[in-house]
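Enquirer: Sharing a structure with you now.
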Amino acid sequence: MTHLTPEAPARAATPGPRSPGGTGRDPRATLRRAAVPLGVLGGVAAAFAYVGSVDPNTPGHYPACPLLYYTGVYCPGCGGLRGAYALVHGHVRTALGCNAVAVAGYAVLAVVWVLWVVRAVRGKPFEPNVRPAWRWAIGALVLAFTVVRNLPFGAALAP
């Protein structure tokens, strides 16, 4: 004896917007998902373009570092603008001489941005998870850099 069951009606597939190439992805949705990372890129590019056009080596364009001004001690960011200026002009060695930690930070942030935009385009959330041990290690590295660049034997790290 066979048991008859009513079959569920087949659902009609509703085609969504497709790209002209037939890949099945909506370019407008992809652009919408990438809007925030692209906006951040635009802001960073504008900042680097400004620093690249207004030389921080010329006095009067940027405010002085308050820590350096009042104490004579280089902070971890001292030389960062000069390093960015050198990078914009393609002088990597000069940029590293101005502030190696800032240049390394620029590179790390560029990699993080690429990961962010790739995940955004794929429609996945971007949740960077930096473990506490890494945070402490980065803080210790920046602190060591700051201390060493202010000592006589670390003069090569000073801007």
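Taken together, the values in this text are just the output of simple stated rules run on the coordinates, not laboratory data. Just so we're clear, the structure is a prediction, and the values are computed from it rather than from any experiment. Cβ sites come from the backbone with ideal geometry, for glycine too, and all protein chains shown count toward neighbours.
Enquirer: Express in nm, to one decimal, how much length is gained between residue 69 and residue 136 on full extension, taking 0.36 nm for each residue of separation and deducting their alpha carbon distance.
Expert: Values: separation 67, 0.36 × 67 = 24.12 nm, distance 2.83 nm.
Using 0.36 nm per residue and subtracting the Cα-Cα distance, I get 21.3 nm.
Enquirer: If you take the charge dipole of region 18-151 about its Cα centre, with +1 on Lys and Arg Cβ and -1 on Asp and Glu Cβ, which of 39, 81, 56 is farthest toward its positive end?
Expert: Farthest along the dipole direction, towards plus: 39.
Enquirer: Rounded, prolate or oblate for region 37-159? Axes are the square roots of the Cα gyration tensor eigenvalues, ordered a ≥ b ≥ c, and the cut-off for rounded is a/c under 1.5. Don't skip to the end; give the middle numbers.
Expert: Values: a/c = 2.34, a/b = 1.37, b/c = 1.71.
Here region 37-159 falls in the oblate category.
Enquirer: Within 10 Å, count the other beta carbons around each residue, average over each peptide in 111-121, 43-53, 76-86, and list them highest first.
Expert: Details: 111-121: 14.5, 43-53: 12.5, 76-86: 22.1.
So the peptides 111-121, 43-53, 76-86, ranked by packing, come out 76-86, 111-121, 43-53.
Enquirer: Continuing with the same structure: Please state the relative contact order of region 44-159 as a whole percent: Cα pairs under 8 Å, 6+ residues apart?
Expert: Working: 95 pairs, mean separation 30.7, N = 116.
Worked out over region 44-159, it gives 26 percent.
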